[in-house]
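The values are calculated or read from the model by the stated rules, or taken from the named source; none is laboratory data. Everything numeric here is computed off the predicted structure, so don't read it as measured data. Note: ideal-geometry Cβ built from the backbone for every residue, glycine included; neighbour counts use all protein chains shown. Surface areas here come from the heavy atoms of the whole protein model, side chains and all, with no ligands, DNA or RNA. Shrake-Rupley method; radii C 1.70, N 1.55, O 1.52, S 1.80 Å.
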Amino acid sequence: MTDKLNELTAAGVAVWLDDLSRVRLSSGGLDQLRREKHVAGVTTNPTIFAKALSDADEYNWQLRDLAIRGVDVEEAVRMLTTYDVRWACDVMRPSYDGSDGVDGRVSIEVDPRSAHDADKTVAEAKALWWLVDRPNLFIKIPATEEGLSAITDTLAEGISVNVTLIFGLDRYSAVMEAFLTGLERAKANGHDLSTIGSVASFFVSRVDSEVDKRLEKIGSDQAKALRGKAAVANAQLAYERYTEVFSSDRWKALEAAGAHPQRPLWASTSTKNPDYRDVIYVEELIAPGTVNTMPESVIHAYADHGETRGDTVTGSYDAARKVFADLESVGVDMADVIATLEREGVEKFEASWQELLDGVSKSLKAAGTGQGAPNKAAKGNAKAAEKAGGA
């Protein structure tokens, strides 16, 4: 049989897994995906951890010890999540070493409640960096306006960054500017640029979800004909900007100093509308030097029936611009779409973080009193966490 994921990798797309749990680690499932499904990286977020920590058995011993020590809930959450991420970094280390530090990365996100506080974000990024203490770690920082300076300051410290929650083209351009400035400062600070990695997580399916909702409300035949087109067009135009920035003289100077480019990472690539092909956000976004982070279900779907048709992004830019023009002509305000998605993205991760804190708090109390399986209290948060979705 054709190895479809290998074809995707050969086309320049790094396959990453958008999930992590203690069960996946202890069972060897993550290592199996690395060895058999070409998975070369892992992304996490507060929603993923809220779901993962709802598993009672795998965290019992750690929760019991944390309860005995009397740690507060925020420290407990960081101890639990950094333990998993450190373990995952070790599992993915062969991919890191085999790609000269480009792949094999595992991401952990700063507290989303600090998304609009640059100083707190940088302080937490530094703390997570030394807590996990692995060279193949990525610190995820949301691409809010306040997050832009935090991205630069974190990179300037020699810390690798996954910029998350990017929805719009102008914000993406600002993210690349923050990256370049961060590397220039890192170089001035004496850091080895070859050890610093970064990706820019550009969210995909959520764009279609929001735009399609507005097109349905408009209701005309012309509007309905545009459903399912905005997300891919948006990402394709993002890649156009990527190619422009990373062919500039400014970038070439950093590259000559050993820097790796900040790759576009297509996030939120599971199909939310069952009417759409389940691998559409993989097949339509194949381009050299990109990452596609997928839930395991999408990885298996692509392995089964995905079609790698070469580069499906380069050369699509005029058609993508026409999609945007057509959306504007029927009354879709894309600037408002992007602003809405960014606000909701931060809010969803804040809600998942709070659910995570609440669940672990109850579990710590249960562990301290010896009442039942200590983490059962967190199970009620799993469904709400799953609904938040995203990468």
Per the helix-only model, the chain has a calculated mean residue ellipticity at 222 nm (DSSP H runs of ≥4, -39500 (n - 2.57) each, divided over all residues, rounded to the nearest 500) of -18000 deg cm²/dmol
Using only Cα positions of region 248-324, each an equal point scatterer, no hydration layer, compute I(q)/I(0) via Debye at q = 0.19 Å⁻¹ and quote the log10 values to two decimals. -0.91
Full-stretch length increase - H116, D90 - with 0.36 nm per residue and alpha-carbon distance subtracted: 6.2 nm
Among the listed pairs K4/K252; K51/K126; K51/K187, which are separated by more than 27 Å between their Cα atoms? K4/K252; K51/K187
One quarter of the convex hull surface, Cα atoms only: what value does that give for region 180-280 in nm²? 8.0 nm²
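On the protein heavy atoms, probe 1.4 angstrom, tell me the percent of accessible surface of region 304-351 carried by carbon and sulfur. If you can, show how the numbers build up before the last one.
Values: 1260 of 2480 Å².
On region 304-351, the fraction of accessible area on carbon and sulfur atoms equals 51 percent.
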Among A174, L237, A225, whose Cα projects farthest towards the positive end of the dipole of region 160-260, with charges put on the beta-carbon of Lys, Arg (+1) and Asp, Glu (-1)? A225
Eigenvalues of the alpha-carbon gyration tensor of region 1-131, times 5 and square-rooted, give semi-axes in Å, largest first, of 29, 19, 12
If a/c stays under 1.5 just call it rounded; otherwise compare a/b with b/c (prolate if a/b is bigger, oblate if not). Do that for region 77-233, with a ≥ b ≥ c from the square roots of the Cα gyration tensor eigenvalues. prolate
Please work out the C-alpha center-to-center distance from region 54-105 to region 1-49 and express it in whole Å. 17 Å
Report Rg/Rh for region 300-352, rounded to two decimals, where Rg is the Cα radius of gyration and Rh the Kirkwood radius. 1.15
Region 150-202: D in µm²/s via Stokes-Einstein (Kirkwood Rh, Cα pairs, 37 °C, 0.692 mPa s)? 301 µm²/s
Starting from the Cα coordinates of region 208-267, work out the convex hull volume and express it per residue in Å³. 78 Å³
Isotropic mean projected area of the C-alpha convex hull, region 1-74 (nm²): 6.4 nm²
Please compute the net charge surrounding S173, taking Lys and Arg as +1 and Asp and Glu as -1 over other residues with Cβ under 12 Å from its Cβ. -2
Mind running the shape call on region 64-117? Use the C-alpha gyration tensor, a ≥ b ≥ c as the square roots of the eigenvalues: rounded below 1.5 for a/c, prolate if a/b tops b/c, oblate otherwise. oblate
Across I159, I139, I218, the residue with the highest GNM fluctuation in the chain (Cα network, 10 Å cutoff) is I218
Please give me the summed charge of the neighbours of R35: other residues whose Cβ is under 15 Å from its Cβ, Lys and Arg +1, Asp and Glu -1. -3
Give me the percent of accessible area attributable to carbon and sulfur for region 12-85, probe 1.4 angstrom. 45 percent
Given 37 °C and 0.692 mPa s, compute D for the chain with the Stokes-Einstein relation, Rh being the Kirkwood radius over Cα pairs; round to the nearest whole µm²/s. 154 µm²/s
With a sphere of radius 9 Å drawn around the Cβ of K4, what net charge do the other residues whose Cβ falls strictly inside it have (Lys, Arg +1; Asp, Glu -1)? -4
Å² per residue, accessible surface of region 94-151 at 1.4 Å: 37 Å²
Dipole moment magnitude, nearest 20 debye, the chain about Cα centre, only Lys, Arg, Asp, Glu C-beta charged: 680 debye
Unit charges at the beta carbon, dipole of region 110-160: most positive-side option, G147, A127, A115: A127
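Just the number, please: carbon plus sulfur as a percent of the accessible area of region 135-250, 1.4 Å probe, no ligands or DNA/RNA counted.
Exposed carbon and sulfur together represent 46 percent of the surface.
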When the dipole is taken about the Cα centre of region 42-165, and only Lys, Arg (+1) and Asp, Glu (-1) are charged at their Cβ, what size is it in debye, to the nearest 20? 160 debye
In percent, what relative contact order does the chain have, based on Cα pairs under 8 Å that are 6 or more apart in sequence? 25 percent
Express the accessible area of region 202-360 per residue in Å², computed with a 1.4 Å probe while the remaining protein chains stay in the model. 41 Å²
Estimated FRET transfer efficiency (R241, E36; beta-carbon r; R0 45 Å; 0.05): 0.80
